[in-house]
Ligand SMILES: [Fe+2]
């Protein structure tokens, strides 16, 4: 399994404090069947600055430590970038950390505030899309604004965003409301990736297997698919696919078409694309 969202670098956000804790988390991930991780420290203006160049070297040090300890895990530099105008400055200075590539687009793990959907989010996402950047919205099922009005996911689908669900949401770790929303999103094909969002070895561990098993069971799948191409640049060049009907929304490249959120209803296409689920 590949984990696209986790906090394993020490001392730069609310993840582990030191290399000992980082290595404990890495061993736990490895034991769980995770073979690659994109490390995604918070990038949050005024809280956790973390421009790419400030931690890229730390990722190399971590890989060397993992190799030295015979922990069979590959790590890449990424970031969980808070939605704000700071993104523009980071982009202009080459300091915006991406998850990797999907086709010819770069994928940006984009975090919204937990309590609401900020005004102006759409404008910033439009700006990103013009730069061939596809936002992957981090754990929307835990955002209070989306919990209150899940149909607002449509706005992000129409803008060409994908969604990443937290593994713990599927197994009930973030409460029944987040769990219900996470499962509905999966059922409706509105999930590109499930990730651990691990912060420690306790309540927020780097564990995907429990959610994986639950998804296979509840969605009556034989197995999940995760494809991966060769790593490139500072992130993983990946193609993720949770199931035959769960993949990055957005229709043809460069277009903002996708599938519409209809609570309790079936998925149908927006913008004239026929056929619904892929
Ligand atoms: Fe996170």
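The values are calculated or read from the model by the stated rules, or taken from the named source; none is laboratory data. Quantities reported herein were computed from a predicted structural model and do not represent experimental measurements. Here the Cβ is made from the backbone with ideal geometry for all residues, glycine too, and neighbour counts use every protein chain on show.
The condition of being more than 18 Å from the chain's Cα centre (by Cα) and surrounded by 23 or more Cβ atoms within 10 Å (Cβ to Cβ) holds for only one of 25, 37, that being 25.
Inside region 146-169, residues that are part of a loop (DSSP other than H, G, I, E, B) and farther than 20 Å from residue 105 by Cα make up a count of 1.
On the stretch given as region 184-207, residues that are surrounded by 23 or more Cβ atoms within 10 Å (Cβ to Cβ) and within 14 Å of the ligand (Cβ to nearest atom) total 7.
Restricting attention to region 103-132 and to residues that are modelled with pLDDT of 95 or more and within 13 Å of the ligand (Cβ to nearest atom), the residue that is surrounded by the most Cβ atoms within 10 Å (Cβ to Cβ) turns out to be 109.
Set side by side, the residues 71, 34, 87 differ, and just one is closer than 20 Å to residue 7 by Cα and in contact (Cβ under 8 Å) with a residue 60 or more places away in the chain, which is 34.
Of all the criteria given as (1) within 15 Å of the ligand (Cβ to nearest atom); (2) part of a loop (DSSP other than H, G, I, E, B); (3) more than 21 Å from residue 14 (Cα to Cα), the one not satisfied by residue 135 is (2). Checked against (1) surrounded by 20 or more Cβ atoms within 10 Å (Cβ to Cβ); (2) modelled with pLDDT of 95 or more; (3) within 16 Å of the ligand (Cβ to nearest atom), residue 99 passes all but condition (2).
Residue by residue, here is whether (1) surrounded by 15 or more Cβ atoms within 10 Å (Cβ to Cβ); (2) touching a residue at least 60 places away in the same chain (Cβ under 8 Å); (3) more than 24 Å from residue 166 (Cβ to Cβ) holds:
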residue	(1), (2), (3)
9	yes, no, no
15	yes, yes, no
19	yes, no, yes
43	yes, no, no
79	yes, no, no
95	yes, no, yes
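Checking each residue of region 14-36 against the condition of being within 16 Å of the ligand (Cβ to nearest atom) and closer than 29 Å to residue 129 by Cβ gives no match.
Filtered by the rule that a residue be away from the ligand (no atom under 15 Å from the Cβ), outside any loop (DSSP other than H, G, I, E, B) and touching a helix residue (DSSP H, G or I) at 6+ places or on another chain (Cβ under 8 Å), region 53-86 gives 62, 65, 66, 74, 75, 76. Among the residues making up region 138-179, those that are surrounded by fewer than 21 Cβ atoms within 10 Å (Cβ to Cβ) and within 16 Å of the ligand (Cβ to nearest atom) are 173, 174.
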